[in-house]
Amino acid sequence: MANLESVLSRRRLLAGLSLALPALWLGGCRSESAGVQDNGLFEPLDLSEGQWREILGPEQYRILRRDGTEPAFSSPLDREWSDGTYVCAGCNLALFASAHKYDSGTGWPSFWQPINDGHLGTKRDFKLVIPRTEYHCVRCGGHQGHVFSDGPEPTGQRWCNNGVALSFVPEGQPLPELREA
């Protein structure tokens, strides 16, 4: 009888977890700072999946819209050291300045801080079992990469970005207009 109670107790626990985990995940999708949806600074860019497929190349779509990751050392932006601004490839929102870029040795463009904390929203990512902090452009929701706490001073952060999720605008050139719906 005690064995049956133990089995039923475990089943109740697992059933409760199966209900709680999606709620925890959805709650974790909210930004820990500004918010993936809208922080009040920008009009959200809300396009259909078909519109995104027309705008983005297949690899950009996979990364920005499906939270993919490009292979390490595959992006020319990892080796870009000119002065300029890195903008979201989905909507052209300025995300990083070249002054904040550094060589993390990881094979992805890495920055120790964004241009503006309000331009990126974060959520917890459990895809590799160990939780990570994923970040997205607040304007279009495009997946950019992950932020870690092993970066250089003064922030100690490493904003590890997919190069295909960014476009580089050299200093002296105007930033592109924000993409409209």
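No value in this document is a laboratory result; all are computed from the given coordinates. Keep in mind that this is a model prediction, so the values were computed, not measured. No Cβ is skipped: glycine too gets one built from the backbone with ideal geometry, and neighbour counts run over all protein chains shown.
Mind sorting Ile130, Ile115, Ile63 by how few other Cβ atoms lie within 10 Å of their own Cβ, fewest first?
Values: Ile130 7, Ile115 18, Ile63 24.
Taking fewest neighbouring Cβ atoms as first place, the list is Ile130, Ile115, Ile63.
So how much slack lies between Trp81 and Arg179, counting 0.36 nm per residue of separation and subtracting their Cα-Cα distance, in nm? Write out the running numbers ahead of the final one.
On the way: separation 98, 0.36 × 98 = 35.28 nm, distance 2.58 nm.
So the chain would gain 32.7 nm between Trp81 and Arg179.
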